[in-house]
Structure formats: structure tokens, C-alpha cells
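Read the structure below first, then the notes.
The values are calculated or read from the model by the stated rules, or taken from the named source; none is laboratory data. Here the structure is a predicted model, which means the values were calculated and not measured. Backbone-built Cβ (ideal geometry, glycine too); neighbour counts: all protein chains shown. In case anyone asks, the SASA skips ligands and DNA or RNA and just uses the protein heavy atoms, side chains included. Shrake-Rupley method; radii C 1.70, N 1.55, O 1.52, S 1.80 Å.
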Amino acid sequence: SELIRGFLLSGMPCPSSCPPGLLVLMAPGLALMATFSLPSQAGDRRALPVEKPPGVKGRTLILLDVNTKSPVRIISENFLSLQLDPSIIHDGWLDFLSSRRLVTLARGLAPAFLRFAGKRTDFLQFHNVKNPAKSRGGPGPDYYLKNYEDDIVRSDIALDKQKGCKIAQHPDIMLELQREKAAQMHLVLLKEQFSNTYSNLTLTARSLDKLYNFADCSGLHLIFALNALRRNPNNSWNSSNALSLLKYSASKKYNISWELGNEPNNYRALMGRSVNGSQLGKDYTQLRSLLQLIRTYSRAHLYGPNIGRPRKNVVAFLERFMKVAGGTVDAVTWQHYYIDGRVAKVTDFLKTRLLDTLSDQIRKIQKVVNTYTPGKKIWLEGVGMTSAGGMNNLSDSYAAGFLWLNTLGLLASQGIDVVVRHSFLDHGHNHLVDQNFNPLPDYWLSLLYKRLIGPKVLAIHVAGLQRKPRPGRVIRDKLRIYAHCTSYHNHNYVRGSITLYIINLHRSRKKIKLAGTLRDKIVHQYLLQPYGKDGLHSKSVQLNGQPLAMVDDGTLPELKPRPLRAGRTLVIPPLTMSFYVVKNVNALACRYR
């Protein structure tokens, strides 16, 4: 019917004259599309037929419009941020953060926060010494690596000081030795993780310098998590070691934000000693007082408590913390891992129920925060696709991107201000960059997100017409659509442009017709697909049919779009992720920052 089509194209709610098999829903960011059945008489549960509009040839056609008048959410410019685990001290990668290639990759994801934290946070001790005594032992990777480090320190060999940054071109032989050392340490780190017993780590002044140099050169703002398990006999926090680190950082004028501890709800399992929410709240208040005594950090940001998954006991922990320190922290933080990396399968990343597990957690956290400090920012820190370090060929593959992109879309649409990805470079397989310093699929996905997505989240209007509606058949579960204003930092697009990003988990292609304010506009397509014969297991990706790879150690490739003619139907291939920039919409919500 032309009347119905007119309502759909205008983005207005469908009137009572619409066919009962057609449902039009509006949602901030997330596309909700469904066909449903109504009983024609008592006991009749057959689906009612939907009239097929002209031009629809046996395929699902989705009509899509966006509310361009005002955003439904505004998130941080640093929404997509990164994490480094203290294990990089253990396995030696900290000494290679000055690599030109790593800095180039990190710069691609700026602006962002760089959180230095993880399970070893609460076993980390700071020592204000430049050259600790080293036991080199006999010839081997560790022996040569330590001599190499000393050579760099003494003579600044191979260092290029640009704008105060120390960037190195490390010789291939040293990188090969480091990878050999890291492989040996990987087994040690996994054993610690599975047994839940961790050895102490020492962070020297020089190591902190290297960490800060990497963050600063990359355009990232460092967030450092202090050890919360140093305790006095009365179970209050012993701040002496933290004070030493704060004083050193202040003497170097390092611009750092702070946290205290990591997953404090699990301390009993780690140390046999628990710290309840009220006590941790007092510890945070103590840390805030400590920061205010140091001029450099008197106005520094403080984030926490970085609890684990909000089960009943963890929610109670957060409530007690918020009563004491809700006004002390600048944002409330928690972390989430979707699946156990030891038992994961590629099909797990395609399960819609798994993609939706985060929604319930968000509601639980928001309920507590809004009870005690309404309007307080909420961050998801330490998010990873799998726990236990991830699984090779799964959590570092193209398939893991479905979870990652949906996480970004869901969190933004729910108003979560920042999400911190674990990890940029790490042992295991949850990282964005591998140990050859090659970007993995989730890195390219993150780079596209950074280049195209701005902080303003828009509501979308969707109508789904289906050829053969069946009871229980839901389109929206496997086709997820989000919309934002296009990034203001992308000078290829004028302000007022809109970016859609779409996840198609169906094993068939889907067609989307842009309607209303998006109708008859030129669209730029950025279609990300696996590259090579490994399919969803692939660790390489192609953009619009062209494989993505770094040009050289200092240059990322140009992300070239495929222009689509105005009014063309978007065809979304099966099992893919894609971005579409709708040009020159002149959206009121997107004209101004």
C-alpha cells in the first residue's frame, strides 16, 4: 500500500491500517525489527500474511531512517580506549614499547585512554631506581636482551627523538629473541592465571618512563592502577609504595589519572584476605587525599572500583563502595569477559544470546550508580571477548569482531561513556596487535570505528518486511544496526554526515533501503570481510575487497571507501561487519560539536 510506504519513508509511526504482520520500532542505536503473528480466531496461531510491496523479490527488505534532530546519547571522545597488562613487565614487551611500528599503531587509535592494569596490578611494587642489579646468567634470550637494553640506555642507540618522543627501530634479531623469551614466559603466566597465584612484579623508575613515553608519543592518556593489596594490620590500605610512585611521577610532570586495585571483589580468592566495599571506599578517599597533597595531581582524575561481573554479591560490594566513595571517583568502572577462552568455539561468536548478555549487566550497574550518584559516568574497563587469555584462531580472529563491534554499539546506545579494550599488546590471544607487531582483525575494526564514528549517538527508525513470516521469527536478533554522527576528526566528510554500522549474523545477504532524511543521499561503503582461505578464523581482513596491511612501520594504509550512487539499496553480505557514511545529510544533531 502506498499509504503505508509513505509512513515508512517519513519515519512516522505506522497507523492502525498497517498489516498486522508488520512491526515498526524505534530504538536509540539498536535496530529492533520483528515479524509477529496474531490469532485470527481463538486457538489459531498461524502467521498472518504480509502484502509484498512493489520491487521486493522474495528477499527481506528493511527500511531505515535516523532521527537527525538531536542525539539520544553523547559519549566520550575517548570512548574506545586501550589497556596494557602489567604482565608486559614479566615477559619483556615493556622494553619494546618504543618500537616505531607499535607507536604508529597506537597513534591510529588516538585519542584514547591507556589503562595500565590487570590481574597483576595488586602484585606490583614500585622501586625508584634507574639501574637495578641484573642477574644475566648464561647466554640465552634474556642475557642478550638485557645487554641490548643497557646499550640503548647508555647511548640512545637507534632512538629518534621526535617532539620529545623516543622511538626505536629495533633490530629483527632482538625482536626474535624477545619473542622467544615471551613464548617461554607465556607458559608461566598461564600457569599463574589458572592457579590464581601470582608472583610479585617490580616496576622500576625506568620502566615507568618507558610506559609513559609510549602513551605520550601515541597520543594516549595514561591511567595507572595502584596496588590495593598492600595492607596494614587493621586491613586499611598501606599507601607508602604508592606515595613513592606518585612523587616520582610528579617530579617528571607526568600527566596521569589513577585507580586503586583490580577486581577487588576477588581478593579473598587471591590472598585469602577480603576487602569489602566500604573499606575500599575508605581507601579511595585516602588516595584522593594523597593526590590533593601533591600539586601535580591535586586535580587528577580517579576511577574505580573496577569490580567484576555484577552478580548478587558484587552488586552488594558496589553498593557499599558507592555509599562511601561515590562522590570521590570521577567514573564508576567494571569489567566483563563474554566466554571462557578454554572452551570457546567459533559458533559462540555468532550467538545472539551471548551478544545480549551485556545488556543485563549494564542495567544492574546503572541502577546502583543512579541510586547513589545520579548522572555519574560509567565505564566498562578490561572488556575482552574471552577470559583465560583467549584462544588462538578464535579471540584473535575475524569472528571475534562480531562481539567487539556489538559491544561498542550496545554500550554507546546505553550511555556508557568509555570502554577499555583488553588488551592492545599482551600474552594470550585477546589483543589487537600480535607479537610480530601486526594488527589483528579487531585492530582494523577499531581503526575504522575511530575514523568514522563520532561521540553523538542517534536513534534509528526501522521497518522490516518479510517474505514468509513465521511464528517466533525475529529479524533484529541477527541484524544489528547502530547510528552516530560521523567523526568530526574525519575531514573527508562535512559536518552533518551520519555513519551507520551494521552487523549481519545471518547466513544470507540482507537488503536495506535508506528512507526519510537519508533517502537519495550518496553513501560511502566500508565493508570489512575476512581475507584468505580461513574464513571466520582468518587473522587478516579486506576492506571493500582490498587486503589491509601497514604500508611501512610508520604508515597505516589509506582506508578507501566504495562510493554508492544516491538511492541505491544497501546489500549486506552474510556474516559481515560494515560501515556506511551517509554524506551531506546536514543533520541538525551533527552540525556542531
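State which residue is least open to solvent (accessible area, probe 1.4 Å) when the search covers only region 260-278 and only residues that are part of a helix (DSSP H, G or I) and over 22 Å from LEU380 (Cα atoms). It comes out as LEU270. Taking ILE498, is it in contact with a Cys (Cβ under 7 Å, 6 or more places away or on another chain), crowded, with 21+ Cβ neighbours inside 10 Å, touching a residue at least 40 places away in the same chain (Cβ under 8 Å) and closer than 27 Å to THR68 by Cα? Answer is yes for this residue. Only residues that are open to solvent by 40 Å² or more (accessible area, probe 1.4 Å) and part of a loop (DSSP other than H, G, I, E, B) were counted across region 214-234, and they come to 5. For region 376-399, filtering for residues that are at pLDDT below 95 and over 19 Å from the mean Cα position of the chain (by Cα) leaves 2. Would you check if GLN286 is touching a strand residue (DSSP E or B) at 6+ places or on another chain (Cβ under 9 Å), modelled with pLDDT of 95 or more and under 18 Å from TYR372 (Cα atoms)? Judged against the criteria, GLN286 is not a match. Scanning region 88-116 for residues being assigned to a strand (DSSP E or B), open to solvent by less than 20 Å² (accessible area, probe 1.4 Å) and either under 20 Å from ASP417 (Cα atoms) or in contact with a Gly (Cβ under 9 Å, 6 or more places away or on another chain) (or both) gives a total of 4. Restricting GLY140, GLY164 to those that are of a type in the set (Gly, Ala, Ser), open to solvent by less than 40 Å² (accessible area, probe 1.4 Å) and modelled with pLDDT under 80 reduces the list to GLY140. Within region 466-481, being open to solvent by less than 20 Å² (accessible area, probe 1.4 Å) and either at pLDDT 85 or above or outside any loop (DSSP other than H, G, I, E, B) (or both) holds for LEU479, ARG480, ILE481. Looking at SER207, SER240, SER199, which is the one that is small (Gly, Ala, Ser) and without any contact (Cβ under 8 Å) to a residue 12 or more places away in the chain? SER240 is the lone residue from the list that is small (Gly, Ala, Ser) and without any contact (Cβ under 8 Å) to a residue 12 or more places away in the chain.
Taking the listed residues LYS345, LYS323, the one that is farther than 22 Å from VAL420 by Cα and either open to solvent by less than 30 Å² (accessible area, probe 1.4 Å) or modelled with pLDDT of 95 or more (or both) is LYS323, with no other qualifying.
Within region 117-136, being surrounded by fewer than 16 Cβ atoms within 10 Å (Cβ to Cβ), part of a loop (DSSP other than H, G, I, E, B) and modelled with pLDDT of 90 or more holds for one residue alone: ASN128. Just checking, does region 193-202 include any residue being of a type in the set (A, V, I, L, M, F, W, C) and surrounded by 21 or more Cβ atoms within 10 Å (Cβ to Cβ)? No.
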